[in-house]
Amino acid sequence: MSGTPGLLRVAVVGVGYLGRHHARILSQLDGVELVGVVDRNAPRAAEIAAACGTRAFTEAASLPDGLDAVTVAVPTESHHAVARRFLERGVPVLVEKPLARTLEEADDLIDVAAARGVVLAVGHTERHNPAVAAALPLVDRPGFVEVHRLGTFPERSLDIDVVFDLMIHDLDVLLAAVPGELVSVDAVGVPVLTRRIDIANARLHFSSGCVANVTASRISRDRVRKVRFFQPDAYLSIDYASQEVERWTLSRTPGVTPAIEGGRIEVTREEPLRREMTDFVHAVRTGSEPLVSGAAGRRALALARRITEAIGQPA
């Protein structure tokens, strides 16, 4: 790590819908100096820089030397090119999801990071959700998983379809929670308001016997972000938005009628993106693996691509 000992010099490349929040949080973290934000939209870069007390740039190449880390929140089509430029220089990178457009690009980023010995993290924010962190250790031998992620029509991520925009968050959580390999995928998706898939449903079969039914939409009137795990003698429900977890179990005692017990599990609420940025900073400082590594990001990307192939629409 270069720069002033103990002070991490970080920049944000792309300060649109998500990147502006990267900048906000990094400018507030102890031990972190936000040395610049980059955006091709000069007025936007200037606005975010002023709000965060840093400098604005319109090109990543103009950032000062001595960076210790960067976060990349540019459009997906540019993830590989932008992230690779920094990884080649030995600068740790956090890339917003999806990691890249293709598996080949994802593999290249992972290889470059490994060759240079630097951290590569992927912005799957839901894995940092306190509700998910509280619930996942309780997921044991799930047999069926039901996921609903419904959102209103956005002003973001329309360069990719809903599978890569929204569903991929849940795919990452599923891959972290469900044991075994993916056996088969059945999926359907429909373009409604754009030329890309705006609503999709996938039924995923795993070698463990678990089946996951995953629905994602960006054209709904209501916002819903929930996942439910069904497993032997237990049921868990996660509400991502409210950060609430419920766990119900079937208590069996010889000679006594089985009883259902449980309720809400205590969760300490915190902004998932702040936890994500904190995790990335810790990984950079210590050289440890981030919660969502490049390899984890690739697995989610591979599953997302398999779903779009099953739908029959190019990714």
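Worth a mention:
- Residue in the range 35-58 that is among the polar types (S, T, N, Q) and either in a strand (DSSP E or B) or buried (at least 16 other Cβ atoms within 10 Å of the Cβ) (or both) present: yes
- Screening the range 219-244 for residues that are modelled with pLDDT under 95 and acidic (Asp, Glu) and picking the one that is nearest to Ala259 (Cα to Cα) gives Asp233.
- Scanning the range 181-218 for residues that are among the polar types (S, T, N, Q) and outside any strand (DSSP E or B), we see that the one that is modelled with the lowest pLDDT is Thr194.
- Residues in the range 240-268 that are surrounded by 10 or more Cβ atoms within 10 Å (Cβ to Cβ), out of contact with any strand residue (DSSP E or B) (no Cβ under 6 Å at 6 or more places or on another chain) and among the acidic types (Asp, Glu): Glu244 only.
- Taking the criterion of being more than 20 Å from Ala115 (Cβ to Cβ) and either assigned to a helix (DSSP H, G or I) or at pLDDT below 95 (or both), the residues of the range 287-300 that qualify are Arg299, Ala300.
- Taking the criterion of being in contact with a Gly (Cβ under 7 Å, 6 or more places away or on another chain) and touching a residue at least 60 places away in the same chain (Cβ under 8 Å), the only residue of the range 233-251 that qualifies is Arg247.
- So Arg221, is it in a loop (DSSP other than H, G, I, E, B) and in the same structural domain as Leu175 (by TED's automatic domain parsing): yes
- Scanning the range 106-130 for residues that are surrounded by fewer than 20 Cβ atoms within 10 Å (Cβ to Cβ), out of contact with any Asp or Glu (no Cβ under 9 Å at 6 or more places or on another chain) and within 20 Å of Leu171 (Cα to Cα) yields Asp107, Ile110.
The values are calculated or read from the model by the stated rules, or taken from the named source; none is laboratory data. Values in this document were obtained by computation on a predicted structure and should not be read as measured data. Cβ: placed from backbone, ideal geometry, glycine included. Neighbour counts: every protein chain shown.
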